[in-house]
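Working notes, structure below.
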Amino acid sequence: MLLKKLFNPKSVAIVGASTHEGKIGYILVENLIKYKYKGKIFPINPKAKEILGLKVYPSLKEVPESVDLAIIAVKPQIVLDTIKLCGQKGIDTAVVISAGFKEAGPEGARLEESLKKLAKENGVRVLGPNCVGLIDTSARLNASFATGMPEKGQIGFFSQSGAMCIAILDWALGEKVGFSKFISLGNKADISEIDMLIALGEDENTKVILGYLEGVEHGTTFIQVAQEVSKKKPVVLIKAGVTSAGAKAVSSHTGSLAGSESAYQAAFKQSGVIRARTVVDLFNYGFALATQPLPKGPRLAILTNSGGPGIVAADACDQSLLQLARLKSETIEQLRSFLPPMASFFNPIDILGDAHVERYEKALDVLVKDDNVDAILVLLTPTATIEVEETAKVVVKYAKKAAKPVLCSFMGKMEVAKGVKYLKKHGIPNYLCPEDAVNTLEKMWQRSHWLSQPAPEYPQIQADKSHVRYLLEMAKRQGQFHLSERDAKEILKAYGFKLPQTQLARTKEEAAEAAKKIGFPVALKIVSPDISHKTDIGGVILNLDTPQAVKEAFTEIMLRVRDKRPRAAIYGVSVQEMIQGAKETIVGFSRDPQFGPLLMFGMGGIYVEILKDVTFRIAPVSKKEAMEMVREVKAYALLRGVRGEPPADVAALVNGLLALSQLSLDFPEIVEAEINPLLVKPAGQGCVAVDARLSIKKE
């Protein structure tokens, strides 16, 4: 197992062990003893002889035996010397508790770089610095300064926030949530969330991996590792710091719509990571995934003794990816045989407020056997007639028989406490609100569906790469980092995109002649390297159907541009074929600092930034992922065809996304590319790239 000595060391040295109660160096020794760590403990302190009954050594050099793990809690500068000593003594793993590194400012950042360099030179893997430490319940190892030791369980948890670690541990102790491992990553000078995914993925004591992230430095590697680990066991992550404040200023719609949140959402989706929005969700999902089988389908049966909660659960189901199960006719007849006439025999199954435990038992016996039911949600409100703890026992009994997940919402607090305690003890998740239970089941179904999908295949698009390389080199030599629309379209053409007939006109007479050759109606668009959004300044006029209208539009565009952008370089006006009967979409990519090319699709036009009906993926994308992008936008119904309109050529649109994905990978110097609009014709007629923007990085 990766980092084996970090989690299951046979001996531990505490460098900076203290004789003073309350000091971190004292708590580290105390926790190892208090929670019955079975290995050898070597406190290191040059001024002490004994701490908590253990012999103290003045230096690591003086320890007469081999040491597997060093826990370091000394001043930052001394940390560097200690890492050298670890290398000399053959200690290949260290936990640096000490703060005062990059979180403390420029000087601390320099110290951290020195720490990384020394650790690498001396062959020492480092957790931290500025971390709380780690806990391994199987090894009875509490190598942290946190108060308390969680129960043994099957959930592995890591966090980039030490404060979050301490708060969650305290909550877990109160809720009696069990963990296999509990790790504080700190500043991630060496050991990162990627290492933790690999290590916990290999750990036989960990069934579910949970994590709190604030950032990922190596996005491509993260996705690759997360994909591999997610195939073996569930990975549930909460990501903080993904608001629009993190988005960089860019010129294209794609760039302005793509922020940190979009990139992480896409990365998680493509790697099979389950996204938790809150800490409560994180553990709701984690506990259910650790204790319950995955549903084989999305069909949910709701069993309740009160109509209101049943309706709430049904509404939540309707708003999720789940479906209310349609019960078999024999199931309904069996329910009729023992339920009162006023009960609801359909889904949700309402056994009424005067129900006793027997009704729950008989109903569960029937539902567990129904092949149309993939999951069961048991709701209970503490009425005067219900035996809460006895009902909990019945739920546990039938959950063990069922090859499907059984979740509960015993609503309330005091009256249901004993029943909830019994459920939790026997691995049945209980939720205060039915909506939380449905939300959890939805995530379980998504994981089940994701596991059933074949590995993605990435088709190779035939492209004229040499021509693209020539165009990019010419632009660089000319210092042109925002390519002209002509060059941008030439690059798209090299990747298989169809273009509208277009001619450049420098006078109104040239524009009229060009329109005659192309055929009416036409569109006129200003051509300028200094103008990205032509519509914003009135640089576009559409549906011109006579030579005179073209001349007037040419003059009007020139007047508008000179008024609003007097310093812009004007090359002329493009006269462009108008594509009839097509739907406007937008496709593009920008480069995320962590994950690389972030591909976007949405319904196009000038309102795209307002409507924000867009979706994202990290390149490369498979054909299936490209199709998912198209289907995810709210306006997908427009592409399918409405009110007698023919369906759009979605297949051609998918091929366009695949081509753009490959372009982003073939030429890393392209930082942004966008086609807006990409007009999608009726099925079988293809797409046309009407307007294009492309930017390359400055070298």
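I'd like the full set of residues that are assigned to a helix (DSSP H, G or I) and of a type in the set (Phe, Trp, Tyr), limited to region 387-442.
Within region 387-442, the first condition is being assigned to a helix (DSSP H, G or I), and the residues that meet it are 388-401, 417-425, 434-442.
Within region 387-442, TYR398, TYR422 qualify.
Please note which helices (runs of 4 or more DSSP H) are completely contained in region 274-354 and include at least 2 residues that are touching a residue at least 60 places away in the same chain (Cβ under 8 Å). Quick ask: steps written out before the conclusion?
Numbers: elements: 279-291, 307-318, 329-338.
Here the list reads 279-291, 307-318.
So the check is Cβ under 6 Å with 6+ separation or different chains; which pairs have a first residue in region 370-394 that's surrounded by fewer than 21 Cβ atoms within 10 Å (Cβ to Cβ) and a second one that's of a type in the set (Ser, Thr, Tyr) and part of a loop (DSSP other than H, G, I, E, B)?
THR381/SER306
Out of region 404-432, which residues are basic (Lys, Arg), free of Cβ contacts under 8 Å to residues at least 40 places away in the same chain and under 13 Å from LYS176 (Cβ atoms)?
First, pick out the residues of region 404-432 that are basic (Lys, Arg): 404, 413, 418, 421, 424-425.
Filter once more, keeping what is free of Cβ contacts under 8 Å to residues at least 40 places away in the same chain: 413, 418, 421, 425.
If the condition is that a residue be basic (Lys, Arg), free of Cβ contacts under 8 Å to residues at least 40 places away in the same chain and under 13 Å from LYS176 (Cβ atoms), then LYS421, LYS425 are the ones that fit.
Scan (1) within 23 Å of ILE618 (Cα to Cα); (2) at pLDDT below 95; (3) out of contact with any Pro (no Cβ under 9 Å at 6 or more places or on another chain) for the single condition ALA475 breaks and write down its number.
Every listed condition holds for ALA475 apart from (1).
Go through region 113-133 residue by residue and tally those that are over 20 Å from PHE7 (Cβ atoms) and buried (at least 24 other Cβ atoms within 10 Å of the Cβ).
Residues in region 113-133 being over 20 Å from PHE7 (Cβ atoms) and buried (at least 24 other Cβ atoms within 10 Å of the Cβ): 1 in total.
Restricting attention to region 363-386, which residues are farther than 14 Å from GLU330 by Cα and either charged (D, E, K, R) or in a loop (DSSP other than H, G, I, E, B) (or both)?
Residues satisfying the conditions are ASP374, THR381, PRO382, THR383, ALA384, THR385, ILE386.
For the condition modelled with pLDDT of 95 or more, more than 30 Å from GLY215 (Cα to Cα) and assigned by TED's automatic domain parsing to the domain that holds PRO668, what is the one hit in VAL587, VAL650, VAL642, VAL621?
Working: VAL587 fails: more than 30 Å from GLY215 (Cα to Cα); VAL642 fails: modelled with pLDDT of 95 or more; VAL621 fails: more than 30 Å from GLY215 (Cα to Cα).
VAL650 is the lone residue from the list that is modelled with pLDDT of 95 or more, more than 30 Å from GLY215 (Cα to Cα) and assigned by TED's automatic domain parsing to the domain that holds PRO668.
Given GLY174, GLY133, which one is modelled with pLDDT of 95 or more and either out of contact with any Ser or Thr (no Cβ under 7 Å at 6 or more places or on another chain) or under 30 Å from LEU85 (Cβ atoms) (or both)?
On the way: GLY174 fails: modelled with pLDDT of 95 or more.
After ruling out the rest, the residue left standing is GLY133.
Listed here are the residues, each with its yes/no results for (1) aromatic (Phe, Trp, Tyr); (2) farther than 30 Å from PHE157 by Cβ; (3) buried (at least 23 other Cβ atoms within 10 Å of the Cβ).
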{"site": "VAL280", "(1), (2), (3)": "no, no, no"}
{"site": "PHE287", "(1), (2), (3)": "yes, no, yes"}
{"site": "THR304", "(1), (2), (3)": "no, yes, yes"}
{"site": "GLY308", "(1), (2), (3)": "no, yes, no"}
{"site": "ASP315", "(1), (2), (3)": "no, yes, no"}
{"site": "GLN323", "(1), (2), (3)": "no, yes, no"}
{"site": "GLU330", "(1), (2), (3)": "no, yes, no"}
{"site": "GLN334", "(1), (2), (3)": "no, yes, no"}
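Any residue at all in region 30-48 that is among the hydrophobic types (A, V, I, L, M, F, W, C), surrounded by 22 or more Cβ atoms within 10 Å (Cβ to Cβ) and at pLDDT below 95?
No, region 30-48 contains no residue that is among the hydrophobic types (A, V, I, L, M, F, W, C), surrounded by 22 or more Cβ atoms within 10 Å (Cβ to Cβ) and at pLDDT below 95.
Does region 484-504 contain at least one residue that is free of Cβ contacts under 8 Å to residues at least 24 places away in the same chain and assigned to a loop (DSSP other than H, G, I, E, B)?
So far as region 484-504 goes, no, none of its residues is free of Cβ contacts under 8 Å to residues at least 24 places away in the same chain and assigned to a loop (DSSP other than H, G, I, E, B).
Which residue is nearest to the chain's Cα centre (by Cα), if the candidates are limited to region 184-215 and must be outside any strand (DSSP E or B) and of a type in the set (Val, Ile, Thr)?
Going through region 184-215, the residues outside any strand (DSSP E or B) turn out to be 185-207, 214-215.
So of that shortlist, the ones also of a type in the set (Val, Ile, Thr) come out as 191, 194, 198, 206.
Details: ILE191: 21, ILE194: 14, ILE198: 17, THR206: 21 Å.
Among those residues, the one meeting the criterion is ILE194.
When you go through (1) surrounded by fewer than 24 Cβ atoms within 10 Å (Cβ to Cβ); (2) modelled with pLDDT of 95 or more; (3) small (Gly, Ala, Ser) one by one for ALA163, which number turns out not to apply?
All conditions pass for ALA163, except number (2).
Taking into account only those residues within region 339-393 that are of a type in the set (Ser, Thr, Tyr) and under 40 Å from the mean Cα position of the chain (by Cα), which is farthest from MET444 (Cα to Cα)? Working first, answer last.
We begin by selecting, within region 339-393, every residue of a type in the set (Ser, Thr, Tyr); these are 344, 360, 381, 383, 385, 391.
With the extra rule that they be under 40 Å from the mean Cα position of the chain (by Cα), the set shrinks to 344, 360, 381, 391.
Details: SER344: 27, TYR360: 24, THR381: 25, THR391: 25 Å.
Top of the filtered list is SER344.
Out of all the residues in region 555-567, is one or more without any contact (Cβ under 8 Å) to a residue 24 or more places away in the chain and either assigned to a loop (DSSP other than H, G, I, E, B) or among the hydroxyl-bearing types (Ser, Thr, Tyr) (or both)?
yes
Among (1) in contact (Cβ under 8 Å) with a residue 12 or more places away in the chain; (2) surrounded by fewer than 21 Cβ atoms within 10 Å (Cβ to Cβ); (3) not acidic (Asp, Glu), which single condition is PRO64 missing?
(1)
Check whether at least one residue in region 26-34 is outside any strand (DSSP E or B), of a type in the set (Phe, Trp, Tyr), touching a residue at least 60 places away in the same chain (Cβ under 8 Å) and closer than 20 Å to GLY148 by Cβ, and report yes or no. Spell out how you get there, then give the answer.
If we filter region 26-34 for residues that are outside any strand (DSSP E or B), which is where we start, we get 26-34.
Restricting the remaining residues to those that are of a type in the set (Phe, Trp, Tyr) gives 26.
This time we only want the ones that are touching a residue at least 60 places away in the same chain (Cβ under 8 Å), so: none.
No, that holds for no residue.
So how many residues does region 394-420 have that are charged (D, E, K, R) and under 31 Å from the mean Cα position of the chain (by Cα)? I'd like the intermediate steps shown before the answer.
Just the residues of region 394-420 that are charged (D, E, K, R), to begin with: 397, 400-401, 404, 413, 415, 418.
Filter once more, so that each one left must be under 31 Å from the mean Cα position of the chain (by Cα): 404.
Here the count works out to 1.
Residue pairs, Cβ under 6 Å, 6 or more apart or interchain, first in region 669-687 and free of Cβ contacts under 8 Å to residues at least 60 places away in the same chain and surrounded by fewer than 24 Cβ atoms within 10 Å (Cβ to Cβ), second among the acidic types (Asp, Glu) and in a loop (DSSP other than H, G, I, E, B). List them.
ALA683/ASP649; GLN685/ASP649
Whether any residue in region 572-594 is among the charged types (D, E, K, R), assigned to a helix (DSSP H, G or I) and surrounded by 17 or more Cβ atoms within 10 Å (Cβ to Cβ) is what I want to check.
Scanning region 572-594, I find no residue that is among the charged types (D, E, K, R), assigned to a helix (DSSP H, G or I) and surrounded by 17 or more Cβ atoms within 10 Å (Cβ to Cβ), so the answer is no.
The values are calculated or read from the model by the stated rules, or taken from the named source; none is laboratory data. Everything numeric here is computed off the predicted structure, so don't read it as measured data. All Cβ positions, glycine included, derive from the backbone under ideal geometry; neighbour counts span all protein chains shown.
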